[in-house]
Structure formats: structure tokens, C-alpha cells
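A short write-up of the structure that comes next.
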């Protein structure tokens, strides 16, 4: 019986690759999990009960992971909202063209890679303004009269 559950799981995995959905993914993972149970125990009743017991568990787990990924994606898309906001330098930012050009800034309790748009060194503790971003790197400029 474990071969049947393995085949069902693989079929749903292939179908999910063509057009992803939570339901197909749930069927795939539950079937593959039950295939392992069937191989280990070989009891038909355990397999059927296990399938119906674990299906909602896998569904909720997959749904929560996808929801978290969507939130992360939305967070990355809203990075342009950072423009003009201030951040604190946590690791010195070197000159832009040097090897040590990248530093780190803290904005909104998150740590971001940062580089200076003015080609100036910026020491840790200084306040900077976020000018723009390139992928996951924030371009910053030191704020005049920033306290250390």
C-alpha cells in the first residue's frame, strides 16, 4: 500500500509544479507521509485514519508557511517606503568603492546592508537618511549634526 501512497504523492507534486495550490501540496505531502507510515506499519486502517488525521495538520502548516512568505514578500515590496526615513549605523560604512564599503544600519528593528551615496565613511552610531535602495542594500547619506 505504501507504493500507492508514494505514487499519489508524486503525482500531486508534479501537478503542483505545473500550477501550485495549497490543496495539491497538502495532498502530496500527506500522501508521502502516509507512504512512510504504510511502509513502517503496513496496517490499512492506520493508513486511512492517518491520512484523514494528518491532512488538516499539513494543510494548516502549509497555509501558515505560505502566509509568512507572502508577508515577507510584501515587506520587501514596501522597501521603497523607507526613502527619507532615518536609521542608525550599526557597523561602520566605508567609502563606496572600497572593499569595506558596505556597513549595516538598523531601521525599524531590522538590520540592513547599507552603503554611502556620498562616498564618505560613516562611523557606527551616526544617524543616516535612507536615499534609495538597490535590491537588499540601502543607499544612505549621513545627517548633518548627527549625534554619536
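Please order 70, 141 by the number of other Cβ within 10 Å, starting at the fewest.
Ordered by Cβ neighbours within 10 Å, fewest first: 70, 141.
Would you calculate, for the chain, the mean residue ellipticity at 222 nm contributed by helices, counting each DSSP H stretch of 4 or more residues as -39,500 (n - 2.57) and dividing by all residues, to the nearest 500?
The helix-only estimate for the chain comes to -17000 deg cm²/dmol at 222 nm.
In µm²/s, what is D for region 1-75 at 25 °C and 0.890 mPa s, where D = kT/(6 pi eta Rh) by Stokes-Einstein and Rh is the Kirkwood radius from Cα pairs?
191 µm²/s
From Cα pairs below 8 angstrom and at least 6 apart in sequence, can you work out the relative contact order of the chain, rounded to a whole percent?
Once normalised by length, the contact order is 16 percent.
Of 39, 44, 12, 51, how do they rank once you tally other Cβ atoms within 10 Å and put the fewest first?
Values: 39 13, 44 10, 12 21, 51 18.
Going from sparsest to densest Cβ surroundings: 44, 39, 51, 12.
For the chain, what does the convex hull of the Cα positions come to per residue, in cubic angstrom?
159 Å³
Place a point 7 Å from Cα of residue 39 in the direction of its Cβ. Which residues in region 1-24 have their backbone N less than 19 Å from it?
1-14
Ranked by Cβ crowding within 10 angstrom, fewest neighbours first, how are 119, 144 ordered?
On the way: 119 12, 144 6.
Listed from fewest to most nearby Cβ atoms, that is 144, 119.
State, in angstrom, two size descriptors of region 83-142 derived from its alpha carbons: Rg to one decimal place and Dmax to the nearest whole number.
Gyration radius and largest Cα-Cα distance of region 83-142: 9.7, 28 Å.
Read-outs: derived from the displayed coordinates by stated rules, not from any lab. From a predicted model like this one, the values you see are computed outputs, not experimental measurements. Note: ideal-geometry Cβ built from the backbone for every residue, glycine included; neighbour counts use all protein chains shown.
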